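Since the structure comes first, as structure tokens, the remarks are kept for the end.
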Amino acid sequence: MTFRASVVTLFPEMFPGPLGVSLAGRALAEAVWSLETVALRDFGVGRHRAVDDTPAGGGAGMVLRADVLAGAIDAVSPPGDMRPRLLMSPRGRVLDQALVRELAAGPGAVVVCGRFEGVDERVIEARRLQEVSIGDYVLSGGEPAAIVLLDAVVRLLPGVMGNLASGEEESFAADLLEYPQYTRPQVFEGRSIPTVLISGDHGRIARWRRGQAEKLTAGRRPELLGATPKKAPPEG
Ligand code: ADE
């Protein structure tokens, strides 16, 4: 079954962009997934096809209109569409591999790209948009975030990655950082490949890699190992 992605955006020319090359691009050409864009401008109002307006209550910037966004969403995702509707937004749940896996296991996604200062809250409620962030920084729009999300999802679709990242490898990679990798030449600027890797002992190699991954994770991202930041015990 083809994974169906629909992207609502003011800038359809940003797509497929990076999703049209490499792994995702090949999968797109092979119809493992499909990508359609909905140009928000086509649903704008008035002679100038306005999509945004000034914020109620005052303040800087512009806000995407609820009616315009709803029109674009309804055109591609009528009631009964089983796909989740996502709104790329720095306010959202931070994207992680668990959410990526969940999306990849589903029928597709409707991905709405925010712009300007924000989106009228009423359309988020009325169309049940799930806000998703790709990290704690602010982009000028949701499009690069949508590309990141779809790239992560598409690589998990059946047949896209071949023998790489098969079940076991993938769950291992999800909670540990990658162990260091080496390839030819044997010596680079006086630095040799760790001898264990040329020992031919697959058990030892696997244990060494696991140890390296754990050490790296403990040093750089202890929270991935379930470590919680030290907190003072409650008083009293
Ligand atoms: N739009 C602007 N910033 C974003 C972010 N960090 N994640 C998702 N969408 C965004």
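The values are calculated or read from the model by the stated rules, or taken from the named source; none is laboratory data. Here the structure is a predicted model, which is why all the values come from computation and not from measurement. Here the Cβ is made from the backbone with ideal geometry for all residues, glycine too, and neighbour counts use every protein chain on show. The protein model used for the area step is the full one, side chains on, heavy atoms only, and it has no ligands, DNA or RNA in it. Shrake-Rupley method; radii C 1.70, N 1.55, O 1.52, S 1.80 Å.
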Inset, instruction - Could you check how much of the accessible area of the chain is carbon and sulfur, as a whole percent, using a 1.4 Å probe? - result: 54
Legend entry - Helix-only mean residue ellipticity at 222 nm for the chain, each DSSP H run of n ≥ 4 adding -39500 (n - 2.57), per residue, nearest 500: -9000 deg cm²/dmol
Legend entry - Positive-end extreme of charge dipole, the chain - chosen from 208, 35, 141 (charges on Cβ): 208
Legend entry - Gain in span if fully extended, residue 21 to residue 198, counting 0.36 nm per residue against the direct Cα distance: 60.3 nm
Inset, instruction - Rank these residues by their accessible area, most exposed first, probe 1.4 Å: 3, 11, 116, 188. - result: 188, 116, 11, 3
Legend entry - Debye log10 I(q)/I(0) for the stretch 111-154, one point scatterer per Cα, at q = 0.21, 0.22 Å⁻¹: -0.75, -0.82
Inset, instruction - Skip the ligands, DNA and RNA, and give the accessible area per residue of the chain with a 1.4 Å probe, whole Å². - result: 60
Inset, instruction - Could you give me the percent of Cα pairs per 10 Å distance bin for the chain, shortest bin first, beginning at zero and ending with the bin that holds the maximum distance? - result: 7, 25, 27, 20, 14, 6, 2, 0
Legend entry - Bridge type composition, the chain - antiparallel percent by DSSP, nearest 5: 20
Inset, instruction - Evaluate the stretch 1-69: find the radius of gyration of its Cα atoms, find its Kirkwood radius, and give the ratio Rg to Rh. - result: 1.15
Legend entry - Computed label-point distance, nm, for sites residue 214 and residue 128 using a 7 Å Cα→Cβ extension: 4.3
Legend entry - Intensity falloff of the stretch 35-89 expressed as log10 I(q)/I(0), Debye formula with alpha-carbon point scatterers, at q = 0.15, 0.22, 0.29 Å⁻¹: -0.52, -0.94, -1.23
Legend entry - Cβ charges +1 (Lys, Arg) and -1 (Asp, Glu), total dipole of the chain, debye: 540
Inset, instruction - Counting only GluC sites (Glu not before Pro) that are in a DSSP loop and have at most 14 other C-beta atoms within 10 Å, tell me the longest site-free stretch of the chain. - result: 31-116
